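Remarks on the structure that follows.
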Amino acid sequence: MYKDLRANFYFFMLDFRFATTVFWSIFIASSLVLYFMAMSFNSGSIVISPSMAVYVFCGISGFLLTKDTFPYSIKMGSTRLGFVISSISFSLVLVIFMSLIQFFITWAFNHLIELGTINNFVILSAAEATSLTSTWYNYLFVDVVINLFFLSIGFLLGTIFYRLGLLGGVTAIALFVISILIPTVRTTILEFLFQIENSKIALNYLGVVSISCFAFVIILGLLIKAPPLSKATK
């Protein structure tokens, strides 16, 4: 089991190293371009949010995790349980890493804004919208929790498509959308996830983490007897 975990973890690192490098390179380069544009033009404001970009990245990364790595890992001799455990471990490391990079980039751009005395360029973090105090550890905590949530949901959705095929994946999305359209269900879900207090969002962090853990349990159930080829490619 330990060899499976180590081998899978190493493979995940190699597989995602290029994606994370490209993502941050594009984000930093585009943010710098927008920063210098804000210096040149006084009219209008430019607002960027690394938090939103990282949430999208984590969701997509989770969605591709099963499709891109599960067949290869099984063919190389890994057990299905070993794959799921190593995937969860890697997911935790990835969200912490992305949150740290996001925090330092936000910090660096805020210092650039102060040095350049620019008033029309704003960089926002999701933690600023929450009811937590503005400290560096709260910023990291909020981003880690939300990043893990999006990655686990993406991982679950990708696993459903892998295990049940296109029809099963589309059906799952349709059922979720229909349930959200029901006012009672929508209100219950939203109240479980967060509350609005004095124009600030009070997240139910335990609830968000519990949903992520529940998603990982479903993923284990779907993959424990999954074939090395997805249903869509059979």
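Bear in mind these aren't lab numbers, they're just calculated from the coordinates by the rules spelled out. Note that the structure is a prediction, hence the values are computed from the model and not measured. Note that each Cβ is placed from the backbone with ideal geometry, even for glycine, and that neighbours are counted across all protein chains shown.
Size descriptors for region 38-174 (Cα atoms only): Rg and Dmax, in that order, 18.9, 60 Å. Projecting the Cα atoms of Gly116, Phe149, Ser40 onto the dipole axis of the chain, where Lys and Arg carry +1 and Asp and Glu carry -1 at the beta carbon, places Phe149 farthest toward the positive end.
Relative to the Cα centre, the charge distribution of region 2-233, modelled as +1 at Lys and Arg Cβ and -1 at Asp and Glu Cβ, gives a dipole magnitude of about 900 debye. Around the amide H of Ile201, modelled in the peptide plane, lie the amide H atoms of Thr130, Ser131, all under 5 Å away and 5 or more residues distant in sequence or on another chain. Only helices reaching 18 angstrom along their own axis (Cα) with mean Kyte-Doolittle hydropathy no lower than 0.5 count here, and for the DSSP H runs of the chain these are 2-40, 50-75, 80-116, 136-181, 205-223. Residues whose amide H lies under 5 Å from that of Leu124, counting only those 5 or more places away or on a different chain, are Ile48, Ser49; hydrogens are built 1.01 Å from N in the peptide plane. Region 169-234 and region 74-140 have their alpha-carbon centroids 21 Å apart. Per-residue extension of 0.36 nm, minus the Cα-Cα distance of Val122 and Cys213, leaves a gain of 29.3 nm for this segment. Taking packing as the residue-averaged number of other Cβ atoms within 10 angstrom, the listed peptides 124-131, 29-36, 65-72, 105-112 run from highest to lowest as 65-72, 124-131, 105-112, 29-36. Simple point charges give the picture: +1 on the Cβ of Lys and Arg, -1 on the Cβ of Asp and Glu, and for region 65-176 a dipole about the Cα centre of about 600 debye. Taking N as the residue count of the chain, its C-alpha radius of gyration divided by 2.2 N^0.38 Å amounts to 1.14. Among the lysines of the chain, pairs that are 8 or more positions apart or on different chains and have alpha carbons within less than 20 Å of each other number 9.
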